[in-house]
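Following: one structure in structure tokens, then a few remarks.
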Amino acid sequence: MKKIINIADSYKICFLLLLFLMPAYVSGIPAVKASFFVRQITVMILLTLGVSLELIGGTFDLAFAAQISFSALMAMVCMMNGCPLWLVCIMICVINVALGCLKGVLLVGLLMPSIIFTLALQAILTNFSAGIAPNSGIVLKELQSVYRERMGMGGEILLVLLGIAAAFLFLEFTYYGKYSRMLGENLSLAKESGLKCMQISIIVHLFASLFFSSAAILLMLQTGSSNASLGENYLYRVLTAAFLGNVGPFGGRGKVSGMIAGAVIMVLLIATLTGKGYLNRWETILEGLIILVALWAQRKKK
């Protein structure tokens, strides 16, 4: 039993799932182009990196999906009123950075429980987004042309490689990345040790916000639209990917390699279920089961 727990807690489980899902993906959807897979994996990796950094720092974030939808929707509203694309991209970054700063201050400064606070923030952002745009959202199809001409598959691959490198360097070689693990393990002890907990928390959330901003911009360009539920489908997918990558809320633990593996597995799983026609029936069930098993395994190890 102990051996099974150790395997479940290690990254070996990720590669076993990859070996199982890759043939099913290839055989189930032979007509899928590489560009489609790259689009899916780019957004998933960026979001998984952002959420994982927050989890390592002790924040269980349920608001990131609503945060993406809100920032992209506000940007589209501005574009409808004549703002250029470069300006609305900056706007998306500013909104996400402001929300990240708010999380960092309140969660450490006021010791608010992260699940409750981010759940409340999710409700506020979701309902506010629904009030500023129709149910169908805002559509600007010309954005897809901009995406194909200025970015394409090569640009997305470069973006995700830069994101992976930035996350690795942040966690392994910066003061804030290294000591964010102590915040996740024991915030009270970190404060007693003299760490700049407030500063660390703010920097971690600001850094994670850059990944959320990148994902929001990509989704807006890829779909040529935005609505109140733009990021909704990614909430449990990304949490599941993080937990598969051995990143959890029980101890400031996690590596970039695991985050990438978890994100790839989720994209393959979703694509396979879609190809077989089982997505709506099984996706949420499997995500819930994976989260429960991953949390159980991590709790046992702790």
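The values are calculated or read from the model by the stated rules, or taken from the named source; none is laboratory data. Note that this is a predicted model, so its numbers are computed, not measured. Note: ideal-geometry Cβ built from the backbone for every residue, glycine included; neighbour counts use all protein chains shown. Ligands, DNA and RNA are stripped out before the accessible areas are found, and what is left, the full protein with its side chains, is counted by its heavy atoms. Shrake-Rupley method; radii C 1.70, N 1.55, O 1.52, S 1.80 Å.
Here ALA241 meets the list (1) in contact with a Ser or Thr (Cβ under 9 Å, 6 or more places away or on another chain); (2) within 21 Å of LEU102 (Cα to Cα) almost entirely, failing just condition (2). Among the residues of segment 117-151, those that are free of Cβ contacts under 8 Å to residues at least 24 places away in the same chain and of a type in the set (Lys, Arg) comprise ARG148, ARG150. Is it the case, given these coordinates, that ILE92 is aliphatic (A, V, I, L, M), within 17 Å of PHE207 (Cα to Cα) and open to solvent by less than 50 Å² (accessible area, probe 1.4 Å)? Taking the combined requirement at face value, the residue satisfies it. The requirement of being in contact with a Leu (Cβ under 6 Å, 6 or more places away or on another chain) and crowded, with 22+ Cβ neighbours inside 10 Å is not satisfied by SER52.
Being within 22 Å of the chain's Cα centre (by Cα), acidic (Asp, Glu) and open to solvent by 80 Å² or more (accessible area, probe 1.4 Å) is the requirement here; does GLU185 meet it? Yes, satisfied. Against the test of being modelled with pLDDT under 70 and of a type in the set (Ser, Thr, Tyr), the options TYR234, TYR278 yield a single qualifying residue, TYR278. Filtering segment 33-58 to residues that are under 18 Å from ARG237 (Cβ atoms) and modelled with pLDDT under 90 leaves PHE36, PHE37, VAL38, ARG39, GLN40, ILE41. Considering only residues in segment 101-123 that are under 22 Å from TYR176 (Cα atoms) and surrounded by fewer than 13 Cβ atoms within 10 Å (Cβ to Cβ), the one that is nearest to the chain's Cα centre (by Cα) turns out to be PRO113. Can you tell me which residue within segment 77-95, out of those that are out of contact with any helix residue (DSSP H, G or I) (no Cβ under 7 Å at 6 or more places or on another chain) and in a helix (DSSP H, G or I), is farthest from ILE138 (Cα to Cα)? Within segment 77-95, the match that is farthest from ILE138 (Cα to Cα) is VAL94.
Given (1) modelled with pLDDT of 65 or more; (2) not in a helix (DSSP H, G or I), where does GLY251 come up short, assuming only one miss? Of the numbered conditions (1) modelled with pLDDT of 65 or more; (2) not in a helix (DSSP H, G or I), the odd one out for GLY251 is (1). Under the condition of being buried (at least 22 other Cβ atoms within 10 Å of the Cβ) and of a type in the set (Ser, Thr, Tyr), which residue from segment 199-245 is farthest from ASN127 (Cα to Cα)? The extreme case among them is SER201.
For segment 254-275, a tally of residues being at pLDDT 85 or above and polar (S, T, N, Q) returns 1.
Using the structure shown, decide if ALA98 is in contact with a Ser or Thr (Cβ under 6 Å, 6 or more places away or on another chain) and part of a helix (DSSP H, G or I). When the stated conditions are applied, ALA98 does not pass them. Given the condition of a type in the set (A, V, I, L, M, F, W, C), open to solvent by 70 Å² or more (accessible area, probe 1.4 Å) and within 22 Å of ALA65 (Cα to Cα), answer yes or no: does some residue in segment 146-156 qualify? Checked against the condition, which is being of a type in the set (A, V, I, L, M, F, W, C), open to solvent by 70 Å² or more (accessible area, probe 1.4 Å) and within 22 Å of ALA65 (Cα to Cα), segment 146-156 yields no hits at all.
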